[in-house]
Amino acid sequence: MTEPLTPQTPPQARRDATEHTEHGVVRADPYAWLRHAGSPDVVAHLTAERTFYDFSVTHLHSLIETLRTEMIARVAPTEVSPRRHRVAFSYYTEHPTGRDYARLLREKFRPDGGLMTESSDVTSVTDGNRAEVLLDLNELVDDSGYLSMGVESVSPDERLLAWSVDRAGDEVYALRFRDLARGEDLADLIPRTYYGGAWSADSQWFFYTVHDEAYRPFQVWRHRIGTPATDDVLVLVEPDDRFELGVRGTRSGDLVVVWSESNSTSECWVVDAHDVTRGPWSVGGRRHGVRYHAEHRRTPAGGDLLVVTNDDAVEFRLMSAPVPQGADQDSSAWREARAEDPDDRLERVDAFEDGVVLALRSGGDHILRVLPHDDLGGPGRDVRSRFPGGEVYLDDTPRFDASAVLVVDEAYTEPAVWSE
């Protein structure tokens, strides 16, 4: 093979070299022509660069193929996620062999045999009778060849799917809603949204975030299914450029949580998921340097909020707070539920019908601590990694009345293992 010439700057580009004058100094810019990405000169130059590269790495082709074959041999032909159980169905994603994108499926939930055994190799069910394809991203790709998933949220009644995609790589997501019984999208289309979303309890409303021209999520809106986006209602706006907004539903299904966060400070609001016109009401106000997040739990008295905060705590502590009703409240309504432990850094709380799960760092390890509702300050039961230096995290467990939670166990030298 004859070695190709090293790519040179096209003659015309050299003749048309650009000059810049700043502060009285003239500076030549022989590369200004590269700004014109579609010009024949630039295309010819890139083609020559690619030819030169291909020739330069010819001696590596056999090694590349060997490494590729070894890596493919260690990857399952079809990658399947663990199942996330809801009331009627279990949901999972599947990445078929030879396809660029995954697809979302569901099958009837089997409480008698639905618990997944400890395994990192989950088998898909695709016989057509038990598995139903809800969304295949490979069918949504246009001529650009690019697709990024934003929101993927099933409604509480499991009849609708809120989903959004970005086709340009600018994190502007078009939000749509799919009727899962018919497998067809509704006419509803919201062209500019960001990550995150939450359903109302009756599956008739969906909350979403919108970012400004600087791509900062600064608004939360409410959309009624079956109506045009022009009728959507602005729920909350964050005017401070240092803060970003987020929105999510609680596992109990009773509240929608909106939060705003900067590098050092946060604030949370709640909306009644059963009556979306009630709220948002602040959970504890906003004070510089104080960070907190809220989780809802049901109690015999009706329910309260569990708040993880660094208020008067270095390693964070757990507080209980009433659900605000009709007005904002400040942190004077909070009561300590679990004191700060200088040996543990509390990161998160997840509430379920029979107890709560704390995510924390202890002795350098990330662990989970399971506690009953009536003893939040007690020792609880710790779930630790089976691997040296490993960490365990709570994975998506959408059911509030779940009898078991989905946990992922991983280490730098071990593949992830999911267990219930």
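The values are calculated or read from the model by the stated rules, or taken from the named source; none is laboratory data. No experiment lies behind these values; they were computed from the predicted model shown. Here Cβ is always computed from backbone atoms with ideal geometry, including for glycine, and neighbour counts include all displayed protein chains. We work out accessible area using only protein heavy atoms, side chains counted, and drop any ligands, DNA or RNA first. Shrake-Rupley method; radii C 1.70, N 1.55, O 1.52, S 1.80 Å.
In table form, for the structure just shown:
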item: Around Glu295: net Lys/Arg minus Asp/Glu count, Cβ-Cβ under 9 Å; result: +2
item: Unit charges on C-beta of K, R, D, E only; dipole of the chain, Debye; result: 280
item: Estimated vicinal HN-Hα couplings, Hz - region 45-53 in sequence order (Karplus 6.51, -1.76, 1.60; Gly, Pro = x); result: 5, 5, 5, 5, 4, 5, 4, 4, 5
item: In order through region 93-105: 3J(HN,Hα) via Karplus (6.51 cos²θ - 1.76 cosθ + 1.60), integer Hz, x for Gly, Pro; result: 10, 9, 10, x, 4, x, 10, 7, 10, 8, 9, 9, 10
item: Derived scalar couplings ³J(HN,Hα) [region 408-416; Karplus, 6.51 cos²θ - 1.76 cosθ + 1.60; whole Hz; x for Gly, Pro]; result: 10, 10, 8, 8, 5, 10, 10, x, 5
item: Mean separation of Cα contacts under 8 Å (6+ apart) over length of the chain, as relative contact order %; result: 7
item: Under 5 Å, built H, 5+ apart or other chain: amide partners of Val290; result: Ser266
item: Most positive-pole-ward Cα, Pro379, Leu160, Gly355, against dipole of the chain from beta carbon charges; result: Leu160
item: Probe 1.4 Å, accessible area per residue of the chain, Å²; result: 54
item: Sequence-distant residues sharing a close amide H with Val151 (under 5 Å, placed H); result: Ser164
item: Mean ellipticity per residue at 222 nm, deg cm²/dmol - from DSSP H runs of n ≥ 4 across the chain, formula -39500 (n - 2.57); result: -2500 deg cm²/dmol
item: Net charge over other residues, Cβ less than 11 angstrom from the Cβ of Asp343 (K, R count +1; D, E count -1); result: -2
item: Within the accessible area of the chain (1.4 Å probe), percent carbon and sulfur; result: 51
item: Extended-chain gain in nm, criterion 0.36 nm per residue less alpha-carbon gap, Ala416 and Ser39; result: 131.0 nm
item: Theoretical gain in end-to-end length, Ala168 to Asp341 [0.36 nm per residue, Cα-Cα removed]; result: 57.7 nm
